[in-house]
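All of the numbers you see were taken from the coordinates with simple rules; none came from a lab. The structure presented is a predicted model; accordingly, all values stated were derived computationally and were not measured. All Cβ positions, even for glycine, are placed from backbone atoms using ideal geometry, and neighbour counts span all protein chains on display.
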Amino acid sequence: MKNPLLIDVPERLVTPRLFLRCARPGDGAAMHAAVLASLAELQPWMPWAQADTGAEEAELTARRMAARYASREDLSLLIFGRDEQGGEGLVLGGTGLHRMDWGVPRFEIGYWRRSGFGGIGIVDEAVRAVSRMAFDALGARRVEIRMDARNAASIRVAERAGFSFEGLLRQDALDVQGVPRDTSVYSRVRGIEEA
């Protein structure tokens, strides 16, 4: 297995409407504003979005994300809309490759979206781009999406992005309130969903 530090992982992805890039120092304020605007929608699903932790903590998070990206421990990307000049605009959410096994290689995609931008395919577009990066640039054999089985919006994203339902892991995790929950597992596998 090649050492992940020697793998050239793209730091920026471009789609027709979006820029996805790894966090950098200074991104905390924009990230904080996006999370703060979305707390009510994120709280049922995201343990990290239970309260406003403040702008300084968001900046620390952005810097930790940058360090973990550089060390190939976690490949979190911010999702930016395009501004009127075609550059990075508003932070519309986050995505990335997590819980990686470089030996397979296998990755799990996670995502969240800023409130007020639902129903226009932002997350679908981002997930497709991250999936392409995993297969094309990182040689993935398998890419998964796992979610609380009650999260219908997340399930729709996985299905629209071409992931196949593999199964339900019953009572395998705790929800944000500490109550046992089921997890739906979707995947794309090289040689099956992926050419």
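Ranked by how many other Cβ atoms sit within 10 Å of their own Cβ, fewest first, the residues VAL127, VAL143 fall in the order VAL127, VAL143. Within the shell defined by Cβ-Cβ distances under 14 Å, the residues around ARG170 carry a net charge of -2, with Lys and Arg each +1 and Asp and Glu each -1.
Determine the dipole magnitude for the chain: charges of +1 sit on the beta-carbon of Lys and Arg, -1 on that of Asp and Glu, nothing else is charged, the reference point is the Cα centre, and the result goes in debye to the nearest 20. Could the numbers behind the result be given before it?
Numbers: 26 positive and 27 negative charges, 97 e Å.
So the dipole magnitude of the chain works out to roughly 460 debye.
Taking all Cα pairs closer than 8 Å and separated by 6 or more residues, the relative contact order of the stretch 50-195 comes to 15 percent.
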